[in-house]
Amino acid sequence: MKTPKTPILALLATVITVSALASCSTDDTTSADSATTVSIDTATGPVEVPQNPQRVVALDNTSLETLRAFGVEPVALPKPIMPYEGFEDWIDDDAILDVGTHREPNLEIVNEAEPDLIIGGYRFSE
């Protein structure tokens, strides 16, 4: 049985929007602020995510433009599947780790990135 894509895409958009808006806050982030979380309703129930994530990993290229629009620079991305045009700076930045592809993301690299927030996509819904 296939899961409808619309609820999953809506969830992804919600997580991205909340995390991006929180990270664009004008308040200075302190260690106490980084412990603050926000509850996001998902298809599998509520999930607590950091209100001001400092280290974001994106595993799906559908989130890239949204992250860029909100000024969020990820710490790890699936570089082999990214469109080069418009994302040259992220692809060429050695400080942004390469997690590989959708089919086989390198979870050791994800762990190495020490993310506060990991953004998946509908490809990971199962």
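Readers should treat all values here as calculations from the given coordinates under stated rules, not as data from a laboratory. As the structure is a computational prediction, the values presented were derived from the model and not from experiment. As a convention, Cβ positions derive from the backbone with ideal geometry for all residues, glycine included, and neighbour counts pool all protein chains shown.
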Identity of the residue in the stretch 71-84, more than 12 Å from the chain's Cα centre (by Cα) and not in a loop (DSSP other than H, G, I, E, B), that ends up nearest to Pro115 (Cα to Cα): Lys79
Residue list for the stretch 111-126, restricted to those being assigned to a loop (DSSP other than H, G, I, E, B) and farther than 21 Å from Pro53 by Cα: Ser125, Glu126
Some residue of the stretch 85-98 being in a loop (DSSP other than H, G, I, E, B), farther than 15 Å from Val56 by Cα, over 15 Å from the mean Cα position of the chain (by Cα) and not charged (D, E, K, R): yes
Count of residues meeting criterion [assigned to a loop (DSSP other than H, G, I, E, B), closer than 17 Å to Pro115 by Cα and not basic (Lys, Arg)] in the stretch 49-70: 6
Residue, surrounded by the fewest Cβ atoms within 10 Å (Cβ to Cβ), within the stretch 78-105, restricted to residues that are out of contact with any Asp or Glu (no Cβ under 7 Å at 6 or more places or on another chain) and aliphatic (A, V, I, L, M): Ala95
Of residues in the stretch 44-68 being among the aliphatic types (A, V, I, L, M) and in contact (Cβ under 8 Å) with a residue 40 or more places away in the chain, the one surrounded by the fewest Cβ atoms within 10 Å (Cβ to Cβ): Val49
So Glu108, is it loosely packed, with under 15 Cβ neighbours inside 10 Å and within 28 Å of Gln51 (Cβ to Cβ): yes
